[in-house]
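S.K.: Got a structure here, written out as structure tokens. Questions coming.
The values are calculated or read from the model by the stated rules, or taken from the named source; none is laboratory data. Not measured: the values here are computed from a predicted model. Heavy atoms of the whole protein, side chains included, go into the accessibility calculation; ligands, DNA and RNA do not. Shrake-Rupley method; radii C 1.70, N 1.55, O 1.52, S 1.80 Å.
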Amino acid sequence: MSRIGRMPVVIPAGVTVDIAEGNKVTVKGAKGTLVRELPVEMEIKIEDGHVVVTRPNDLKKMKSLHGLTRTLIHNMVVGVSEGFTKDLELVGIGFRTAMKGNVLTLNVGYSHQVEMPVKEGLEVTCPTATTIKVAGIDKQEVGEFAANVRAVRRPEPYKGKGIRYVGEIIRRKEGKTAGKK
């Protein structure tokens, strides 16, 4: 059995989980509602305050879908009850960021400003000129938007300049050295 797949997902107070035809799971909570269609091969049941996922057989595909299905349901439950956040920081002289309406504006050393529209359901804030906080209820959308922001200017290994996640460790390289003639 999958170690992750066989663990039940606890449904906290204030969260409701509905399972419709074709494994269409709807999770409602204080922060919003998430709907996702999960693999029809998996059997999803609600048993005394827990969501339990079982697989039909031990084929390799079923084993991998087992853990995935359970994790997707868990992320939906956590998203509508607590939410997800990703923090990014800008490192470099003159690098700064700002929110203009529903558009994130980045000045990261290019000849132009990079503007990124924020999707519906995401909350992007700039607490300081060099930090960005992405929050939302869908873990995939939060992570994807944060990755797209980071991709605008990845941290480079020599000086460490660029956009990075808070706490991310950048492997530094040694620069050129002057050799003897």
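S.K.: In degrees from 0 to 90, rounded to the nearest 10, what is the angle of the helix 139-152 Cα long axis to the longest principal axis of the chain?
M.R.: With rounding to tens, the tilt is 20 degrees.
S.K.: Rounded to the nearest Å, what's the spacing between the alpha carbon centres of the range 63-105 and the range 1-34? Just the number, please.
M.R.: With the range 63-105 and the range 1-34 each reduced to a Cα centre, they are spaced 19 Å.
S.K.: Of the labelled options (i) 9, 28, 23, 20, 14, 4, 1, 0; (ii) 9, 32, 31, 17, 8, 2, 0; (iii) 10, 40, 38, 12, 0, which one gives P(r) over Cα pairs in 10 Å bins from 0, in percent as computed for this structure?
M.R.: (i)
S.K.: Accessible surface of VAL103 in the full protein assembly, 1.4 angstrom probe, to the nearest 10 Å²?
M.R.: Rounded to the nearest 10, that gives 40 Å².
S.K.: Rounded to the nearest 500, what is the 222 nm mean residue ellipticity of the chain from helices alone, with -39500 (n - 2.57) per DSSP H run of 4+ residues and division by all residues?
M.R.: Details: 2 runs with 36 residues, N = 181.
Computed mean residue ellipticity for the chain: -6500 deg cm²/dmol.
S.K.: Please tell me the relative contact order of the chain in percent, rounded to the nearest whole number, where contacts are Cα pairs under 8 Å and at least six residues apart. Can you show the working numbers first?
M.R.: Numbers: 335 pairs, mean separation 31.8, N = 181.
The value is 18 percent.
S.K.: Run the reach check for LYS159 against lysines, Cα to Cα strictly under 20 Å, same-chain hits fewer than 8 apart removed. What comes back?
M.R.: Within the straight-line cut-off, LYS159 pairs with LYS173, LYS176.
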